[in-house]
Amino acid sequence: MLEIQNLVKKYGKFTAVDGLSLTINEGEIFGFVGPNGAGKTTTMKIIAGLLSPTSGKVLINGVDVTAHPRKLREKIGYMPDFFGVYDNLKVDEYMDFYAGTYNIPYSDREAIIDNLLELVDLSHKKDDYVDTLSRGMKQRLCLARSLVHDPDILILDEPASGLDPRARVEMKEVLKQLKTIGKTIIISSHILPELAELCTVIGIIDKGKIAAYGTVAQIMKQLTQKRMIKIKTMGNMEELITVLKEQPNIHDIFEKMDEVEIEFDGDEHQLANLLKNIIQRDIPIISFSEKEGNLEDIFMQITQGGESQND
């Protein structure tokens with residue numbers, strides 16, 4: 001659905017986006033992750049048709065966004081990281097105003113607005129003034145606003161920024177609902193764990209370039225050569241350690257109370273054989289599982305902990 005081809009954006013001598021290429025398929029929730037200033041916002045504004053690239057292309061269903069911005073306007077819903085709300089309007093008036101900017105007929109607006117406010121759980125605030133809403137409610141209202149023309153693609157720049165934990169959960173649930181109805185969502189954050197559960201695919205961007213791409217599991221597999229395996233037993237800890245020392249593909253063994261963690265670099269078949277060998281020695285195993293990597297460490301490893309100067 002969306003294809004970015006060798007995208008470059010320069011501000012004078014500074015290169016904000018540097019030869020970025022990727023494909024986002026229909027129905028995906030794609031997470032743009034990177035430190036502040038990595039190029040996320042610039043890329044998203046170009047996709048939304050709000051900025052022109054220095055070179056390269058953004059294609060939606062084969063149509064160039066830059067060459068045909070009006071043609072693609074109705075296909076894209078954009079929610080910026082900093083947005084304006086009209087405090088002297090009521091919630092339904094605010095939604096009606098944006099429906100008007102997309103030339104939605106008056107006869108259709110009430111039903112559309114009611115459905116969207118229900119989606120973002122703001123139906124009970126329909127007659128309230130926007131300035132009385134909490135930050136989380138304003139975020140959800142702006143999400144509803146970006147959906148008023150029923151776009152195919154949603155571009156959400158840091159939608160959970162500044163929200164408390166409860167509001168973040170509420171926003172996440174709304175986005176999951178949008179995925180079930182077939183929306184393609186591009187969402188940015190500088191926090192990898194924040195998007196790990198939600199996104200189908202993640203692109204980690206650093207200094208204007210894609211540093212890693214794929215599912216969280218794929219990215220972690222690319223960057224971590226050894227896997228951490230946790231083995232919990234009801235006893236026979238000494239015998240378990242003896243067996244582990246005899247096995248191939250094990251590099252380090254860490255004993256922790258009734259649990260052992262090992263560094264393992266074998267494949268799935270070798271891992272299955274390891275478990276089989278332990279069981280054959282009649283060692284009572286309670287659990288045998290792979291330990292999830294630390295997403296913050298992975299993020300810092302990819303981006304080298306650096307922040308750029310512009311976004």
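The values are calculated or read from the model by the stated rules, or taken from the named source; none is laboratory data. As the structure is a prediction and not an experimental result, all values here were calculated from the model. Glycine gets a Cβ as well: all are built from the backbone with ideal geometry, and neighbour counts include every protein chain shown. Accessible surface areas use protein heavy atoms only, side chains included; no ligands, DNA or RNA. Shrake-Rupley method; radii C 1.70, N 1.55, O 1.52, S 1.80 Å.
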| request: Quote the FRET efficiency, to the nearest 0.05, computed for SER52 versus GLU74 with a Förster distance R0 of 25 Å and r equal to the Cβ-Cβ distance. | output: 0.80
| Which pairs break 18 Å Cα to Cα here: LYS10/LYS209; LYS10/LYS45; LYS40/LYS179; LYS45/LYS71? | LYS40/LYS179
| task | Could you work out which residue, out of GLU290, GLU74, GLU28, moves most in a Gaussian network model of the chain, that is, has the largest mean-square fluctuation with Cα springs under 10 Å? | result | GLU290
| How many nm separate the modelled label positions at ASP265 and GLU173, each set 7 Å beyond the Cα in the direction of the Cβ? | 4.6
| task | Calculate, for GLU197 and GLN218, the FRET efficiency according to 1/(1 + (r/R0)^6) with r their C-beta to C-beta distance and R0 22 Å; round to the nearest 0.05. | result | 0.90
| What nm value, rounded to one decimal, do you get for the distance between ASN6 and ASP150 when each label is placed 7 Å out toward the C-beta? | 3.9
| request: Note the listed values [x] 18.5; [y] 21.8; [z] 19.9, then indicate which one is mean projected area of the Cα convex hull in nm² calculated from this particular structure. | output: [z]
| field | Among PRO53, VAL243, GLY136 - extreme Cα towards positive end, dipole of the chain, charges at beta-carbon | value | PRO53
| message | Suppose every Lys and Arg Cβ carries +1 and every Asp and Glu Cβ carries -1, with no other charges. What dipole size does the chain come out with about its Cα centre, to the nearest 20 debye? | response | 1020
| field | LYS256 paired with GLU239, simple spin-label distance in nm, labels 7 Å along Cα-to-beta-carbon | value | 2.5
| request: For the chain, set up a Gaussian network in which alpha carbons nearer than 10 Å are linked by springs, and say which option among ALA217, ALA196, ALA111 fluctuates the most. | output: ALA111
| request: Taking only Cα atoms and a 10 Å spring cutoff, compute GNM fluctuations for the chain and point out the largest among LEU175, LEU275, LEU20. | output: LEU275
| Other-chain or far-sequence residues with amide H under 5 Å of ASP81's (modelled H) | ASP157
| query | Mind listing the phi-derived Karplus ³J(HN,Hα) values for the stretch 272-278, rounded to whole Hz, using 6.51, -1.76 and 1.60 with θ = phi - 60°, and x for any glycine or proline? | reply | 5, 5, 4, 4, 4, 5, 5
| note | If amide H atoms are modeled at 1.01 Å from N in the peptide plane, then the residues at a separation of 5 or more from GLU28, or on another chain, having amide H under 5 Å from its own are ILE185
| About its Cα centre, what dipole magnitude does the stretch 139-227 give when the only charges are +1 on Lys and Arg Cβ and -1 on Asp and Glu Cβ, stated in debye to the nearest 20? | 360
| Residue among VAL8, ILE24, SER146 farthest towards the positive dipole end of the chain, charges placed on Cβ | VAL8
| query | Relative to the present Cα-Cα distance, how much length would full extension add between ASN249 and PHE288 at 0.36 nm per residue of separation? | reply | 12.4 nm
| task | Mind pulling the angle between the C-alpha long axis of helix 237-246 and the longest principal axis of the chain? Nearest 10 degrees, somewhere in 0 to 90. | result | 90
| field | Helix-only mean residue ellipticity at 222 nm for the chain, each DSSP H run of n ≥ 4 adding -39500 (n - 2.57), per residue, nearest 500 | value | -10500 deg cm²/dmol
| request: Figure the gain on full extension for HIS124 and ASN25 (residue separation times 0.36 nm, minus the Cα-Cα span) and round it to one decimal in nm. | output: 32.1 nm
| query | Which loop trypsin sites (Lys or Arg not before Pro) in the stretch 1-82, with loop taken from DSSP, have no more than 16 other Cβ atoms within 10 angstrom of their Cβ? | reply | LYS13
| Distance between the stretch 58-74 and the stretch 249-277 - C-alpha centres, whole angstrom | 51
| Rounded to whole Hz, the Karplus (6.51, -1.76, 1.60) HN-Hα couplings of the stretch 146-152, x for glycine and proline | 6, 9, 4, 9, 6, x, 7
| request: Pop out the carbon and sulfur fraction of the accessible area of the stretch 21-139 as a percent, whole number, probe 1.4 Å. | output: 47
| Rounded if a/c is under 1.5, else prolate if a/b beats b/c, else oblate: with a ≥ b ≥ c from the C-alpha gyration tensor eigenvalues square-rooted, which is the stretch 71-202? | oblate
